Amino acid sequence: MNPEIAQFEAMAKEILRRCMAEDEPEDLRKWITDTLARLGGGDTDAVMTWLQSFDFTDEMVSKYEQVATMPEKDRKILTWPWQSWRNLIDPLEEGMLGVITAPDGQGKTIYAESISEYWASHKNHVVFVHYELNRKLMMLRRIARHTGIVTRSIKEGKLSTEQKKLITEMRPRLLAWDGFISYVHTPGWSMERTTSELTRLCSEGLCDVVVLDYLEKAAASRRQLQMFGSNNYQREADNVEQLKNFSEITNVPVLMIAQMSKEGKDTKFDRVTRSDMRGAGEKSDKANLVVMLKRERVGEGYSNTVEGLVDKNTMGATGTFTQTMQPEYFRVGDVCKTEQPEPWYAK
């Protein structure tokens, strides 16, 4: 028998065995994908010759020039909502993995939502994966951000005529965007199941970029429990590896939110580094971009001033910036002369 055919026969028998053992579908799918990648002669696109590299370079430069000649509103690029970020960070590109990290309860999701909406307004099909917040909360936060109506007023069901008008006017304004957001609620999902769904959305043309909120909330798969037991850090490292592989295989960039460790939460901002990220090693190693955010404790809460640090950036510079947050409206923006947020959507 042909050795390659024999490999496929063995693979078929193993698939049948795993089906009879009732393996989890996402575990079986990952095993099949990994096994197929190891069979045969490998990826024919993996090698770029010296001569091809020059053709690739010419094409790359030409594409950048084409984008530069377009009006900004027509550019389908993953730049950032705030000038303070754009000063330091270039647009997120194909296959890149970005990380935003901050201590618990300091507004990481506000950043994820704001960036997702900005990208959607610039022609991108964004997939927002949310492991924690349910759909009702996501929509309440979106209303508050775009109308200035606090969520408590909405939930009380006693909106004024003017407030109802603001909500009504929000719909056509957001639907006029050239892109959109698909919200994928994933409570209890493993990363295998999540990346499988993302791959499906990619195949249907619904996924140009992924925003994932947040990494540590992904559930353990059966495979991970067998391999890592109760070691959450090893499991999270495996999750990062899966996300990075998905990003590089599909050329879809991923921006994930990650928790800062307890030690990082208690560290003064001028001493914070990406080593303060929970389980920092794998996340930092795989990421092309690490942005760290910190709001200092004020009384029983936190300051509305956000200190930011670009601690790793394969796309350019590192450095610090300062922003202002309005948590009651789920808004964040650069500091302007009035010391109030200047959000992109208010311009």
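The values are calculated or read from the model by the stated rules, or taken from the named source; none is laboratory data. For clarity, every value in this text was computed on a predicted model and none was experimentally measured. Please note: Cβ atoms are built from the backbone with ideal geometry, for glycine as well, and neighbour counts cover all protein chains shown. Protein only, heavy atoms only, side chains kept; ligands, DNA and RNA dropped before computing areas. Shrake-Rupley method; radii C 1.70, N 1.55, O 1.52, S 1.80 Å.
Pairs are defined by a Cβ separation below 9 Å, a sequence spacing of at least 6 or placement on different chains, a first member in segment 286-308 that is of a type in the set (A, V, I, L, M), and a second member that is assigned to a strand (DSSP E or B) and open to solvent by 60 Å² or more (accessible area, probe 1.4 Å); the pairs so defined are Val306/Thr322. Considering (1) part of a helix (DSSP H, G or I); (2) out of contact with any strand residue (DSSP E or B) (no Cβ under 8 Å at 6 or more places or on another chain); (3) surrounded by fewer than 21 Cβ atoms within 10 Å (Cβ to Cβ); (4) in contact (Cβ under 8 Å) with a residue 24 or more places away in the chain, the lone condition that Lys164 does not fulfil carries the number (4).
Taking segment 174-208 as the range and being of a type in the set (S, T, N, Q) and either surrounded by 15 or more Cβ atoms within 10 Å (Cβ to Cβ) or not in a helix (DSSP H, G or I) (or both) as the test, the residues that pass are Ser182, Thr186, Ser190, Thr194, Thr195, Ser196, Thr199.
With respect to His130, is the statement that it is open to solvent by less than 20 Å² (accessible area, probe 1.4 Å) and under 30 Å from Asp23 (Cβ atoms) true? In short, yes.
Filtering segment 209-253 to residues that are in contact with a helix residue (DSSP H, G or I) (Cβ under 6 Å, 6 or more places away or on another chain), aliphatic (A, V, I, L, M), part of a helix (DSSP H, G or I) and open to solvent by 20 Å² or more (accessible area, probe 1.4 Å) leaves only Ala237. In this entry, Glu117 passes the filter for residues that are within 24 Å of Glu204 (Cα to Cα), out of contact with any Gly (no Cβ under 8 Å at 6 or more places or on another chain) and assigned to a helix (DSSP H, G or I). Is there a residue in segment 322-333 that is open to solvent by 50 Å² or more (accessible area, probe 1.4 Å), in contact with a helix residue (DSSP H, G or I) (Cβ under 9 Å, 6 or more places away or on another chain) and among the aromatic types (Phe, Trp, Tyr)? Checked segment 322-333: at least one residue is open to solvent by 50 Å² or more (accessible area, probe 1.4 Å), in contact with a helix residue (DSSP H, G or I) (Cβ under 9 Å, 6 or more places away or on another chain) and among the aromatic types (Phe, Trp, Tyr). Residues of segment 63-74 include none that is open to solvent by 60 Å² or more (accessible area, probe 1.4 Å), in contact with a strand residue (DSSP E or B) (Cβ under 7 Å, 6 or more places away or on another chain) and part of a helix (DSSP H, G or I). When each of Val129, Val150 is tested for being under 18 Å from Thr186 (Cβ atoms) and touching a helix residue (DSSP H, G or I) at 6+ places or on another chain (Cβ under 8 Å), the lone residue that passes is Val129.
Candidates in segment 75-89 are the residues that are part of a helix (DSSP H, G or I) and either out of contact with any Asp or Glu (no Cβ under 9 Å at 6 or more places or on another chain) or not small (Gly, Ala, Ser) (or both); of these, the one that is least open to solvent (accessible area, probe 1.4 Å) is Trp85.
Thr109 - would you say it is open to solvent by 20 Å² or more (accessible area, probe 1.4 Å), part of a helix (DSSP H, G or I) and closer than 26 Å to Asn239 by Cβ?
Against the criterion (open to solvent by 20 Å² or more (accessible area, probe 1.4 Å), part of a helix (DSSP H, G or I) and closer than 26 Å to Asn239 by Cβ), Thr109 qualifies.
If I filter segment 135-146 for residues that are in contact with a strand residue (DSSP E or B) (Cβ under 6 Å, 6 or more places away or on another chain), among the charged types (D, E, K, R) and open to solvent by less than 10 Å² (accessible area, probe 1.4 Å), do I get at least one hit? Within segment 135-146, one or more residues are in contact with a strand residue (DSSP E or B) (Cβ under 6 Å, 6 or more places away or on another chain), among the charged types (D, E, K, R) and open to solvent by less than 10 Å² (accessible area, probe 1.4 Å).
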